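The values are calculated or read from the model by the stated rules, or taken from the named source; none is laboratory data. Computed from a predicted structure; not experimentally measured. Glycine also receives a Cβ, built like all others from the backbone with ideal geometry; neighbour counts cover every protein chain displayed. These area figures cover heavy atoms from the full protein model, side chains too; ligands, DNA and RNA do not enter into them. Shrake-Rupley method; radii C 1.70, N 1.55, O 1.52, S 1.80 Å.
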Amino acid sequence: MSKRPLGQHFLHEKTAIQKIVDSAQITPQDYVLEIGPGRGAITGELCQRAARVIAVELDKNLARQLKRYPNLEVVEGDILRLDLAQLLGQPAPNLPLAQRRWKVVANLPYYITTPIIEKLLLEGHAYFQSLVIMIQKEVAQRLQALACRQSGALSYFVNYYARPQILFTVKPGSFSPPPQVDSSVLALYPYAAPPVPAPAPALQRLTRAAFAMRRKTLAKSLQGLANSLKADLPLALERAQISGQKRPEELTLDDFSRLALALEKTIAPKEGQE
Ligand code: SAM
């Protein structure tokens, strides 16, 4: 992948910029979080359309050179280290999706795509009505793909919180300097509630363990996790009605959810808790 420091590939193609901002369907009531405004290619358009924009930029020089707008707040910092509740205020509890004011729009730095998406969904799923993000095309395809060869742990994590939809592809020539790969603009539409009952940490632990050894059968790849939890893997697989001979990419989100719950139920009680 790119050797650019901080994933700095600046978008210069006007049509792509317009398409990204149009896709976010920003209304004058919306608040927008932009990650990595860079030289402000998207920022100006966002400020024209939204009530308020917070732009988080790690590169101090770029942050200081950004053109200012009355409704723009520039935060110099690392998105991965910022507390979203401090940045955006507390989310209103149980707000229906349509009434959520925050939207994310970002041409993400590709070297940290995964941790940024994890943070935005884990910490921020209750804030956002939608997230429109540019990422590597191959990663976008993986996030849309469940129960197939392209699937990875992040695919299940994302689909637990949101419905992903690839909107369009952007070629390297639209950036300066051009990256080595095609990019896709991906929309994530958070769910009001997760579509399956397993708690997020249990699901994430399970999918990570399974995909860490994706070519191995579940009976092998999950034994380490089961041991560390003091859980009974064969019993959990049986109760979840999943063959231990399957590979992780054959499982649906619902399969992983059933297995995560079944595994938790087989955890041996700690001494003194019996
Ligand atoms: N939005 C601009 C555009 O479309 O031209 C720039 C996009 S560029 C792909 C990614 C931007 O993210 C860069 O400006 C980079 O400095 C910034 N960045 C990299 N790591 C970051 C981090 N951890 N937190 C916030 N911004 C970061």
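So the values come out like this:
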item: Subset tally (residues that are in contact (Cβ under 8 Å) with a residue 60 or more places away in the chain and more than 15 Å from the chain's Cα centre (by Cα)) for the range 151-182; result: 12
item: Condition check for PRO201: touching a Phe, Trp or Tyr at 6+ places or on another chain (Cβ under 6 Å), closer than 21 Å to LEU154 by Cα and not acidic (Asp, Glu); result: no
item: Within the range 76-115, tally of residues that are among the hydrophobic types (A, V, I, L, M, F, W, C), farther than 12 Å from VAL56 by Cα and buried (at least 17 other Cβ atoms within 10 Å of the Cβ); result: 2
item: Residue tally, condition away from the ligand (no atom under 16 Å from the Cβ) and either assigned to a strand (DSSP E or B) or modelled with pLDDT under 95 (or both), over the range 123-141; result: 6
item: Selection from the range 45-73 of residues that are open to solvent by less than 70 Å² (accessible area, probe 1.4 Å) and within 11 Å of the ligand (Cβ to nearest atom); result: GLU45, LEU46, ALA55, VAL56, GLU57, ASP59, LEU62, ALA63, LEU66
item: Residue ranges of helices (runs of 4 or more DSSP H) in the range 220-274 with at least 1 members open to solvent by less than 30 Å² (accessible area, probe 1.4 Å) and in contact with a Phe, Trp or Tyr (Cβ under 8 Å, 6 or more places away or on another chain); result: 253-265
item: Any chance ASN71 is on the phi > 0 side of the Ramachandran plot, without any contact (Cβ under 8 Å) to a residue 40 or more places away in the chain and not aliphatic (A, V, I, L, M); result: no
item: Scan of the range 176-199 for residues that are more than 16 Å from the ligand (Cβ to nearest atom) and either surrounded by fewer than 16 Cβ atoms within 10 Å (Cβ to Cβ) or closer than 22 Å to PRO115 by Cα (or both), ordered by number; result: ALA187, LEU188, TYR189, PRO190, TYR191, ALA192, ALA193, PRO194, PRO195, PRO197, ALA198, PRO199
item: Verdict on GLY173 being among the small types (Gly, Ala, Ser), within 16 Å of the ligand (Cβ to nearest atom) and within 25 Å of ARG39 (Cα to Cα); result: yes
item: So ALA147, is it open to solvent by 10 Å² or more (accessible area, probe 1.4 Å), within 16 Å of GLU250 (Cα to Cα) and touching a residue at least 60 places away in the same chain (Cβ under 8 Å); result: yes
